[in-house]
Amino acid sequence: MSYILLTGGAGYIGSHTALELLNAGFKVLSFDNFSNSSDAALKRVEQLSGEPVVSIKGDIRDEAALRQLFSDYNISAVVHFAGLKAVGESTQIPLHYYDNNVAGTVTLCRIMRESGVKKLVFSSSATVYGDAKQVPIPETSPRSATNPYGQSKLMIEHILEDLVQAEPDWGITLLRYFNPVGAHDSGRIGEDPNGIPNNLMPFISQVAVGKREKLSVFGADYPTHDGTGVRDYIHVVDLARGHVKALQYLQQHNGIEAINLGTGTGYSVLDMVNAFSRVNNIAVPYQIAPRRPGDIATCYAEPGKAEKLLGWQAEKTLDDMVRDSWRWQSANPNGYKS
Ligand code: NAD
Ligand code: UFG
């Protein structure tokens, strides 16, 4: 039987997807340079599933290593998570982001083509919609980028569209994630950010566990129901299952489709803080702070295309998201080093 190759398989979304793929009967091979993760996540995925994960350390920009990988293993499709994802950092070291994300993807596709593997699921992002004029955001919404990270995702989308245009026997799905949060309900795998978290949910969890004093709420003067920013938070296990569905779809289809993975519901920063406190019965001290540069007021998905094409929709609730985030954080206060 052939493998599904996960680039960046040891990361937050990759490890949860590895588990869902194993549960669905797929064989999983991870290729990760561990720049933002460790092999510990995949060891836990093996424990949870009772199935092996082949984990190879390597970089997607290393053409020789990729060639070796595709010759050593029978690979039927690739889910491409590997990439750098910190918006602020991308404005400081743009060349590194373009090299890692864009050049890395081009190298990966070149070796896939050489090896005759033409099925690809790509981790795109709602960031490609920029500051969308209308919500919920459909896949047809105009695309733009305001920082090198977003630009790298947009460039990759264009590159993959051009590739399918030139070679229609490829099957590619661009999954545009909204805001992934939560963790597997075992509390054994979850998000393990380096240093101070940029994203809301890991920050809330670290305040709750006592690692940080209080949350800064970036702006309370947005045109939203309580003045704080609204996003489409999606449970990472729902998101992971979307990848299983996308791979099953690609078994039957060529061409390229962009598909939103979101719930279609927006929650504000204070909605998230309040849900976390209520469900977990724990205080989350916060202060209102100035807006964060580059942030938008409101962003949530029109999720109908995923249901129509993939037969997928998010099933987990806001309470599941905050409960599972806290279960992971409280059981692993120092992430995989705990
Ligand atoms: P993550 O950092 O946990 O996972 C990415 C993985 O890729 C890490 O394990 C890292 O070590 C690996 N990696 C990075 N560069 C590599 C390289 N050159 N070669 C091999 N491995 C490399 O991030 P995540 O949250 O799991 O995100 C996965 C993907 O989804 C990324 O492409 C990210 O941009 C995208 N995405 C994430 C979010 C989010 O909020 N988490 C939202 C939208 C899109
Ligand atoms: N926020 C705070 N305090 C914090 C962190 C975040 O108030 O300490 C607020 C933000 O201002 C925003 C909301 O919480 O209103 C969500 O912020 P995140 O940083 O968690 O997520 P973003 O929506 O800003 O960005 C995320 C990913 C990006 C991706 C984007 C796509 O981090 O990689 O979604 O929509 F591009």
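The values are calculated or read from the model by the stated rules, or taken from the named source; none is laboratory data. These figures come from a predicted structure and were not determined experimentally. Positions of Cβ are generated from backbone atoms using ideal geometry, with glycine treated the same way; all protein chains shown enter the neighbour counts.
A few comments on the model shown:
- When the strands (runs of 3 or more DSSP E) confined to segment 167-224 are screened for residues that are within 16 Å of ligand 1 (Cβ to nearest atom), those reaching at least 2 such residues are found at 171-177, 179-181.
- Where helices (runs of 4 or more DSSP H) fall wholly inside segment 85-129, the ranges with 1 or more residues that are of a type outside the set (A, V, I, L, M, F, W, C), away from ligand 2 (no atom under 16 Å from the Cβ) and crowded, with 18+ Cβ neighbours inside 10 Å are 104-115.
- Comparison of 82, 77 shows that the only residue that is surrounded by 15 or more Cβ atoms within 10 Å (Cβ to Cβ) and either not in a strand (DSSP E or B) or not hydrophobic (A, V, I, L, M, F, W, C) (or both) is 82.
- The residues listed here are 196, 172; of these, the one that is crowded, with 21+ Cβ neighbours inside 10 Å and over 15 Å from the mean Cα position of the chain (by Cα) is 172.
- Qualifying residues in segment 1-15 (those that are within 21 Å of residue 187 (Cβ to Cβ) and within 16 Å of ligand 2 (Cβ to nearest atom)) - the one surrounded by the fewest Cβ atoms within 10 Å (Cβ to Cβ): 13
- Within segment 140-156, the residues that satisfy the criterion of being within 12 Å of ligand 1 (Cβ to nearest atom) and among the hydroxyl-bearing types (Ser, Thr, Tyr) are 149, 152.
- Filter pass, residue 157 being more than 19 Å from the chain's Cα centre (by Cα) and assigned to a helix (DSSP H, G or I): no
- Residue match in segment 51-63 (condition: among the aliphatic types (A, V, I, L, M), buried (at least 16 other Cβ atoms within 10 Å of the Cβ) and in contact (Cβ under 8 Å) with a residue 60 or more places away in the chain): no
- From 264, 255, 311, residue being on the phi > 0 side of the Ramachandran plot, at pLDDT 95 or above and in contact with a Pro (Cβ under 6 Å, 6 or more places away or on another chain): 264
- Residue satisfying condition, being more than 13 Å from ligand 1 (Cβ to nearest atom), in a helix (DSSP H, G or I) and crowded, with 18+ Cβ neighbours inside 10 Å, within set 42, 22, 48: 22
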